[in-house]
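For reference, the structure is listed below as structure tokens.
The values are calculated or read from the model by the stated rules, or taken from the named source; none is laboratory data. This one's a predicted model, so the numbers in the text were calculated from it and none came from an experiment. No Cβ is skipped: glycine too gets one built from the backbone with ideal geometry, and neighbour counts run over all protein chains shown. Only protein heavy atoms, including side chains, enter the accessible area calculation; ligands, DNA and RNA are left aside. Shrake-Rupley method; radii C 1.70, N 1.55, O 1.52, S 1.80 Å.
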Amino acid sequence: MTTADRLLQLRQQLQKASYAYYVLDAPIMEDSVYDQLYRELQKLEAENPELITPDSPTQRVGEQPASQFSAVTHNIPLYSLENAFNVQELQQWQERWQRIAPTIEKAEYVCELKIDGSAIALTYENGLLVRGVTRGDGTTGEEISQNIKTIRSIPLKLNLDNPPPTVEVRGEAFLPLAEFNRINQEREAQGESLFANPRNAAAGTLRQLDSKIVHQRRLQFFAYTLHLPGQEEQIQSQWQALEYLKKAGFMVNPHCQLCEDLDGVVAYFEDWEGARQRLPYMTDGVVVKINQYPLQSELGFTQKFPRWAIALKYPAEETPTVVKAIEVNVGRTGAVTPLAVMEPVQLAGTTVQRATLHNQDRIRELDIRVGDTVIIRKAGEIIPEVVRVMTELRPENTTPYIFPSHCPACGSPLVRPLEEAVTRCVNSSCSAILQGSLIHWASRNALDIQGLGEKVVITLLENRLVNSIADLYRLQVEQLLALERFAQKSAEKLVTAIAASKNQPWSRILFGLGIRHVGQVNAKLLSQQFPTVEKLSQASIPDLEGVYGIGPEIAEAVVNWFRNPGNQQLIQDLQELGLALADHGIDQTRTDSGKLRGKTFVLTGTLPNLSRTEAQELIEQSGGKVTSSVSAKTDYVLLGDKPGSKAAKAESLGIKLLSEVEFLQLLEP
């Protein structure tokens, strides 16, 4: 596809989305997706200025308002905000305005949470509300005064003894999450289509012709901007404006903060990245404004944005990209998982190039093809997945993807068991299955063999030095020295690490065996109830189902695994090689319930491997308890990525912070 073709596609799709959003009130695209496509268009046009056309979305501010409301011109234009998507772009914004005002060495900033709602402008005359208008295109909006008056957090009369002749207030009308859920439940019960998100619901509600419906939906309003025409000298800063708005009777977001410098802004932004999930309304970023009005006036505006303000957005939960290839991966259980290989994009704070397509049915449902523009997100905030295909951006001459009939690793016919969505390679000698098994065996939460990563495993397999897990323990330094990537020291270090893993406890070995459905938590449960491999291998399905937390699917998987002759040989080999396939010397009726007895934990952030449910189960099974908030009675805070404000509070109270590794070490025998 040529650059000109891509530009044409992007312009057409963005114009279509803009019309649906502003005119039809029927959004077809998430804000984050629009932002990413718009930025791609900007980049391509910047690199190819000769291809810019007058009808490009980058060449105009917005669209005309819908026709069923009266169009009015704003007394003061409502500008959009420039977006920053990371701290580096925020710093670049500061450098830009400092070049315009070089005599200003330092400026204060006001940080306000960016509420995900609908912007409106209010006009008060002699203290009385006379007009409410939607943002529209920033110059012209729609008068919705009757609907505005139903919002109880908007005062009909200012709470001022001597109000100015004219007051202009800008803010965000939004739908609290509880109301959003209630409305969607009612719509579902009545067979009506559901609102996609609270922002769409708020925008649609404001444009209802029947104000009674607006009243029933209980919108709220946060005020954030104040204009006093002819009396500007009364207010000299954004912080003073917020105080004035509160005094006048408006609801101002209680989490706004005055920051001395950009470091304070970054700290505010990082604190709220996790904490915003607990708010009763949606927010997707932080609005940063220079506090001093005189400096705002000096900086002025570009054609589209104020130079003195910017929206610092949190990483997108969904983003568009282009599919370069479709591959399949064969895992350690033989499951064949299709993957989309894509142009790299930033998603939820990480660079993503691959996304799961789950299975053959999902590929058929998506009709995904090489060259497609797709929307991806992180499933459970961890695994990237393709949500949908933007077929309107599909290049010509694409062909449907055909799922392979044979294993790409060993060539064996693939099998899809009845009533299962997963296609599998059932060749136990498949190199891909063995590779996945070895990588899993050496992983941190299994045998934790330092230096035995994916690249080393591939090298060992390519040189036919290992044909099973047991062969790892037969490796000699001399064999490794014959390989290109090993020197004497690294070879000795790997052999030593493999030998040391023989001392890992039975629960880790059981997890490392890679039995289907047996994760860390289940492996620990089973090792407690069946303290030797002999007892576990002889257990029946009813025996296994008698263990709390072990269901029929897990029980059947364990029994079937031990029935396999190849697995029986592996167990025999591991025993002969000296691995501890038993927890000897302990009271078999004892569990680990006392290890954390009396200890109180708080969980925060996303853990690398454990889900919150799994971590909580481990704590409770070991005698501890989990609470939702940090207090002086908290013993430990289990810390993951993006922990939010709980970590800071724990540090201030002197409470020990644990990584996932340190936490699991507490549970070791």
### Task
Working from Cα positions, state the angle (0 to 90°, nearest 10) between the long axis of helix 552-563 and the longest principal axis of the chain.
30 degrees
### Query
In whole angstrom, how far apart do the alpha carbon centroids of the stretch 418-450 and the stretch 286-337 sit?
37 Å
### Query
What part of the accessible area of the chain, given as a whole %, is carbon or sulfur when the probe is 1.4 angstrom?
48 percent
### Query
Among G566, I148, F222, whose Cα lies farthest out toward the positive end of the dipole of the chain, if unit charges sit on the beta carbon of Lys, Arg (+1) and Asp, Glu (-1)?
G566
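Go through 355-366, 432-443 and give me the packing order, highest mean Cβ count within 10 Å leading. It would help to have the intermediate numbers written out before the result.
Numbers: 355-366: 18.0, 432-443: 21.1.
Ranked from most to least packed, the peptides come out as 432-443, 355-366.
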### Summary
Taking a straight Cα-to-Cα line shorter than 21 Å from K378, and setting aside same-chain lysines fewer than 8 residues away, one finds K313, K324, K642
### Message
Can you give me the solvent accessible area of W561 with a 1.4 Å probe, rounded to the nearest 10 Å²?
### Response
30 Å²
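With 32 Å as the limit, write out which pairs from K212/K646; K595/K649; K106/K246; K106/K649 have Cα-Cα distances beyond it, or answer none.
K212/K646
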### Task
Using a/c under 1.5 as the rounded threshold, could you call the stretch 300-451 rounded, prolate or oblate? The axes a ≥ b ≥ c are square roots of the C-alpha gyration tensor eigenvalues, and prolate needs a/b larger than b/c, oblate otherwise.
oblate
### Query
Picking from Y109, Q665, Q15, whose Cα lies most toward the positive end of the charge dipole for the chain (charges on Cβ: Lys, Arg +1; Asp, Glu -1)?
Q665
### Query
Does the stretch 126-278 classify as rounded, prolate or oblate by the C-alpha gyration tensor (a ≥ b ≥ c root eigenvalues; a/c under 1.5 gives rounded; else a/b over b/c gives prolate, otherwise oblate)?
oblate
### Summary
Computed, not fitted: 222 nm per-residue ellipticity of the chain from DSSP H runs ≥ 4 (each -39500 (n - 2.57)), nearest 500, equal to -10500 deg cm²/dmol
### Summary
Once both label points are put 7 Å beyond Cα along the C-beta direction, the T2-F562 separation in nm becomes 6.8 nm
### Query
Relative to the longest principal axis of the chain, what angle (0 to 90°, nearest 10) does the C-alpha long axis of helix 3-22 take?
60 degrees
### Task
Mind checking which aspartates and glutamates have their Cα closer than 15 Å to the Cα of K16? Skip sequence neighbours fewer than 8 apart in that chain.
D25, E30, D31, D35, D55, E63, E392
### Message
Can you tell me the orientation of helix 238-248 relative to the chain, as the angle in degrees between its alpha-carbon axis and the longest Cα principal axis, to the nearest 10?
### Response
70 degrees
### Task
Among the lysines, select those whose C-alpha is under 23 Å from the C-alpha of K489, and discard any that sit fewer than 8 residues away in the same chain.
K455, K502
### Task
Could you pull the accessible area for T53 with a 1.4 Å probe, rounded to 10 Å²?
40 Å²
### Query
With every protein chain left in place, what is the accessible area per residue of the stretch 449-503 in square angstrom, probe 1.4 Å?
60 Å²
### Approximate spin-label separation K149-N467, in nm, with each point projected 7 Å along Cα-to-Cβ
8.7 nm
### Task
Would you mind working out the accessible area per residue for the stretch 118-269, using a 1.4 Å probe, and quoting it in Å²?
45 Å²
### Query
So what's the gap between the Cα centers of the stretch 471-501 and the stretch 612-669, to the nearest angstrom?
37 Å
### Globularity index of the chain, i.e. its alpha-carbon radius of gyration over 2.2 N^0.38 Å
1.16
### Query
Measuring from label point to label point, each 7 Å out along Cα→Cβ, what is the Q572 to D210 span in nm?
7.8 nm
